[in-house]
Amino acid sequence: MADEQMAEDWERALVQGPVTAPGGASQGPQAPPARPLDAIDRDILRILQTDGRASIRSVAERVHVSRANAYARINRLIDDGVIRGFSARVNHERAGQGASAYITLKIVQNSWRTVREQLQALPGAAHIALVSGDFDVLLLVHTPDNRTLRELVLTKLQSIPEVLSTRTLLVFEETDLDPDH
């Protein structure tokens, strides 16, 4: 019975993932400070990065610990915010999102939180990063075609008052790297 409960809890964690409030802030208590990961934790992460659908049993067997230990470690990694969720790796072109671009943005100083909220609402936004250097934000988007990409940049991005300028870098080809690299 305990194994069944562990499996149900694991499935629930896989489906629900982390709970976040608008703007990306976590709800509930703050995550504890980062603690060092040992070799088993790193092995578990490597396995789950390669196969997020791996069962507790297979993870436990591959890292040579009990199912209960593997379950507890994975839950701790989730609770500590090390594992932020589980997802599928998507071939965007095959999914009807044939145009991809990295867009750099210069924004008004101290407007990051406001801009981030607006960028998260954009259709096709896949990754947003506040960065240092010649621009402030790096945004990855996937759209059905170049016309839709053009509209996203010219009508949606450039209409955000805090966005001072944009530069669009078209992605011609992309390759997801294996976590083992």
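Readers should treat all values here as calculations from the given coordinates under stated rules, not as data from a laboratory. Please read all numbers here as calculations on a predicted model, not as lab measurements. All Cβ positions, glycine included, derive from the backbone under ideal geometry; neighbour counts span all protein chains shown.
Neighbours of ARG89, meaning other residues whose beta-carbon lies under 14 angstrom from its beta-carbon, give a summed charge of -3 when Lys and Arg score +1 and Asp and Glu score -1. Multiplying the residue separation of ASP176 and ASN146 by 0.36 nm and subtracting their alpha-carbon distance yields 8.6 nm.
Between segment 29-80 and segment 102-181, how many Å separate their Cα centres? About 32 Å separates the Cα centre of segment 29-80 from the one of segment 102-181.
Once you divide the Cα radius of gyration of segment 38-181 by 2.2 N^0.38 Å, the number left is 1.32. Protection proxy ranking of 51-64, 88-101, by the mean of other Cβ atoms within 10 Å over each peptide's residues and highest first, is 51-64, 88-101. The peptide list 149-161, 67-79, put in order of mean Cβ contacts within 10 Å with the highest first, becomes 67-79, 149-161. Remark: C-alpha extents of segment 135-181 on the principal axes read 42, 25, 12 Å, sorted largest to smallest. With the highest mean first, a sort of the peptides 41-49, 129-137 on other beta-carbon atoms found within 10 angstrom per residue produces 41-49, 129-137.
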